[in-house]
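First the structure, in the form of structure tokens, and then the observations on it.
Just so it is clear, none of the values below were taken in a lab; they were calculated from the coordinates. Given the structure is predicted, the values throughout are model-derived calculations rather than measurements. Every residue, glycine among them, receives a Cβ derived from its backbone with ideal geometry; neighbour counts consider all protein chains shown.
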Amino acid sequence: MDTPPSRSLPDPNADSSSPRFIADAMLGKLARWLRILGYDTRYDARADDHELVRLARAEGRILLTRDRDLARRRGVDCLFIEDEEVEAQLLQVMRDVTLSTARAFSRCVVCNEPLQPVDKAEIRNRVPPYVYRTQERFALCHGCARVYWPATHWQRMRERLATLELGAGLALDHQGDHQERSHR
Ligand SMILES: [Zn+2]
């Protein structure tokens, strides 16, 4: 096909040493932010403590929890999340687990699946006409069939991430497709 190389997305699963997470029911927003950064993060608000621990162990995930008792469980890698506010929570995880932004915007924030670049023609009837006219690059989640494009879903997230990274002393190092529109 005639897909130009610039359409490739970073593969969020490319680095098998990359930490993976499971978040407890209190941490849905944090889970979404970790997915925005490209980290494989399970989240199911209905999962009880037993299920969280079982999945964390079985899949080698770091269990993120606001529950001190749960965080003390043995035999499972837990991180007690100190703050109630999501930006502070994300900063804590970035600091304690050492996260990078290299694969940001490569994973569906809703269902945690890696995104795939998709030809514009394929999603013609799935995005608003204005978006179709004005955007060139799209990505598709094969888990939930959501279509992503840079200007809407990700612009505000980028701005918030940039703010956070100033606080964390990190640079946004990914220069991929979905971020090339500068908001400055
Ligand atoms: Zn999805």
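In plain terms, the chain from residue 87 to residue 145 could stretch by 18.1 nm, reckoned as 0.36 nm per residue minus the Cα-Cα distance.
Each residue in 67, 11 was given a count of other beta-carbon atoms within 10 angstrom of its own, and listing them fewest first yields 11, 67. Quick one: go through the stretch 20-36 and flag any residue whose amide nitrogen is under 20 Å from the point 7 Å out along the Cα-to-Cβ line of residue 58. Residues 20-25 fall inside that zone.
Protection proxy ranking of 70-78, 27-35, 134-142, by the mean of other Cβ atoms within 10 Å over each peptide's residues and highest first, is 27-35, 134-142, 70-78.
Taking 7 Å steps out from each Cα toward its Cβ at residue 48 and residue 100 produces label points 4.1 nm apart. Ranking of 106, 100, 17 by neighbouring Cβ atoms within 10 Å, starting from the fewest: 17, 100, 106. Using the Karplus relation 6.51 cos²θ - 1.76 cosθ + 1.60 with θ = phi - 60°, the per-residue 3J(HN,Hα) values for the stretch 93-107 come to 5, 4, 6, 7, 10, 6, 9, 10, 9, 4, 10, 4, 6, 10, 9 Hz, with x marking Gly and Pro. Per-residue Cβ neighbour counts within 10 Å put 66, 124, 107 in the sequence 124, 66, 107, beginning with the fewest.
Viscosity 1.002 mPa s, temperature 20 °C: give me the Stokes-Einstein translational D for the stretch 1-140 in µm²/s, with Rh taken as the Kirkwood radius over C-alpha pairs. Please report the intermediate quantities before stating the final value.
Numbers: Rh = 16.5 Å.
Answer from the Stokes-Einstein relation: 130 µm²/s.
Estimated translational diffusion coefficient (Stokes-Einstein, Kirkwood radius over Cα pairs, 4 °C, 1.567 mPa s) of the stretch 21-97: 107 µm² per second. Of the GluC sites (Glu not before Pro) found in the stretch 45-114, those in coil by DSSP whose Cβ has at most 12 other Cβ atoms within 10 Å are 82, 84, 85. For residue 78, nonlocal amide neighbours, meaning residues 5 or more places apart or on other chains whose placed amide H falls under 5 Å from its own, are 63. Place a label point 7 angstrom from the Cα of residue 80 along the Cα-to-Cβ direction, then list the residues of the stretch 38-71 whose backbone nitrogen is under 20 Å away. Those under the cut-off are 49-50, 52-54, 56-57, 62-71.
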